[in-house]
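See below for the structure under consideration.
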Amino acid sequence: MREAREFGAWVPQQAIPSAVSGATTGELADLRGASGAECLTLNVWTPRARDGAGGDGLPVLVWVHGGGFVGGSANSPGFDGTQLARDGVVLVSVNYRVGYEGFGWVRDAPWNRGVLDQLAALQWVQDNIVAFGGDPGRVTVFGQSAGATSIAAVLAGGRADGVFHRGIVQSPGHVFVPPEEARAVSTMITEELGVASTAEALAAVPAEAIHDVQWNPVALMSADPDAWSHPNSPYGVVLDGELLSELPWAAMRRGVGRCIDLICGCTAAEARMFTANLDPAAADPAGVARGVGLDPAAVDAYRHARPGIGDSDLSTLVLSDAFFRLTAHQVARAHAEAGGRTFFYEFGWVGDPVLGAYHGLDQSFVFGLPTGPLGWDLGARPGEFVTLSTAMRSAWTKFAASGDPGWPRYRPDEWLTRIWDLPPTVGADPTAVSAEIWQRHHRTTTSQ
């Protein structure tokens, strides 16, 4: 047993590359605790602690952070669980291995080690959360971006049973990596390091040396994009045949995970953080559409669906759909069509008119912390922030307690969607039109 009155170590890493975050994060200095080898830690916030067992514990929310599978930390001040604990839940946040250490192929080590870390943390919650006042029978895991993608993989892989009962998937990403591509990326890295792809050989390499080269394969991958399923993303959940054998929505359509209640959603302008500073030539909608595998007619279809949309907003929408929105759509549709209790949302509140409702903005409202995921202050309109944050926290904690967030289910007879804006409304699924366009105009629809 150890005293645990301070934040533990966070996972060693570099600042997230701009290709992932839209900006060099520079946030590592802000993380609480220190970087260290004993980094598979978690943090607990609770309004009360008690001894003994029983069924009267509080609902538990377990947070899995994002970071493009190469960075991020539960120790970030932006994920402080104080406000959610005050709202009546036990909040747990999880650190897991990222980058090559968490998701790279190692010949004699398990695949998807970062996700296995998350599963180990969820088992810890089952075994220990009673002592913190939590109910192990009401555990909801929630995550954003890479964290959401991991949750979708666990759900679709049939690994949720016994470790969580509900899931909240915020802006899940599209990166699910074929094993042969993961091996190829690993080979590039180990050849550059001059070591074998074995656990023993890699253990002798300083973590900093691995971090220095783990992003280098992107240059070769992006130079030959047709040879890779995700040429700008060397790391993601690997379709390893153990954790996950197929794309999550394919498994969900067969009913895998339908007993787990699910909230799934996205933001309205996910990719704005990537496109805000692009010059007009780089933001040309035809080129952007071509780059994500859409045929030329797709741009006209988007313009028909969104009359008056400008080039910059159209390019942002196409990339938002490609990276996050259509994954959220597919996961929610598959879960609902298989008979699961599903709730869908789009976060549409706009603080900064340039950035719009960008990737990750919703998590600031869920945690009740008026600092955006890139460090920007959201307090210019404090009344709006407090009102919307209170409503979202109420929905998330109600869902954790009862499985009902307070808006209608997303179901085949009526695809109703919560629109998080002021005031919050319920309407038709705003991702449905994009999904139809991609079905007609994408060169292969199997990955979307």
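Every read-out reported here was derived from the displayed coordinates using simple, explicitly stated rules and does not represent laboratory data. No experiment lies behind these values; they were computed from the predicted model shown. So basically every Cβ, Gly included, is an ideal-geometry build from the backbone, and we count neighbours across all protein chains shown.
Report the equivalent ellipsoid semi-axes for the chain in whole Å, largest first, defined as the square roots of five times the eigenvalues of the gyration tensor built from alpha carbon atoms.
Values: eigenvalues 183, 161, 90 Å².
In descending order, the three semi-axes are 30, 28, 21 Å.
Just from its helices, what would the mean residue ellipticity at 222 nm be for the chain, if runs of 4 or more DSSP H residues each count -39500 (n - 2.57) and the sum is divided by every residue, rounded to the nearest 500 deg cm²/dmol? Walk me through the intermediate numbers first.
Working: 18 runs with 161 residues, N = 448.
After summing the helix terms and dividing by residue count, I get -10000 deg cm²/dmol.
So what's the stretch 303-448 giving for Cα Rg divided by 2.2 N^0.38 Å, two decimals?
Working: Rg = 16.1 Å, N = 146, 2.2 N^0.38 = 14.6 Å.
That ratio works out to 1.10.
What is the fewest-to-most order of S394, S150 by other Cβ atoms lying within 10 Å of their Cβ?
Values: S394 14, S150 31.
Least to most surrounded, the residues fall as S394, S150.
What's the long-distance tail for the stretch 121-266, i.e. % of Cα pairs beyond 18 Å?
Values: 6860 of 10585 pairs.
Everything past 18 Å amounts to 65 percent.
Could you work out the pair-distance distribution P(r) of the stretch 284-340 from its alpha-carbon pairs, with 5 angstrom bin width and percents rounded to whole numbers?
Pairs per bin, as whole percents: 4, 19, 25, 21, 12, 10, 7, 2, 0.
Checking a compactness column here: for the stretch 116-199, what do you get for Rg(Cα) / (2.2 N^0.38 Å), N being the number of residues?
1.41
Only counting other Cβ atoms within 10 Å, I'd like M392, M188 sorted with the fewest neighbours first.
On the way: M392 24, M188 18.
Lowest to highest Cβ neighbour count: M188, M392.
Cβ under 13 Å from A391's Cβ, A391 left aside: what net charge do those residues give with Lys, Arg +1 and Asp, Glu -1? Each step should come with its number before you reach the end.
Details: positive: R393, K398, R418; negative: D87, D362, E384, D421.
In short, -1.
Using the Cα atoms as the points, what is the convex hull volume per residue of the stretch 59-168 in Å³? Provide the component values of the computation, followed by the final result.
Working: hull volume 10.8 nm³, N = 110.
Considering the Cα atoms of the stretch 59-168, their hull volume per residue is 98 Å³.
How much of the pair distance distribution for the stretch 232-344 lies past 21 Å, counting alpha-carbon pairs only, in percent? Kindly include the intermediate steps, with their values, before the conclusion.
Details: 3075 of 6328 pairs.
I get 49 percent for the Cα pairs in the stretch 232-344 exceeding 21 Å.
Quick check on the exposure proxy: order Y96, Y345 from fewest to most C-beta atoms within 10 angstrom.
Working: Y96 31, Y345 26.
If I rank by nearby Cβ atoms, fewest first, I get Y345, Y96.
Give me the percent of DSSP beta bridges within the chain that run antiparallel, rounded to the nearest 5.
Details: 12 of 46 bridges.
The answer is about 25 percent antiparallel.
How many nm separate the modelled label positions at A286 and V350, each set 7 Å beyond the Cα in the direction of the Cβ?
Result: 2.7 nm between the two label points.
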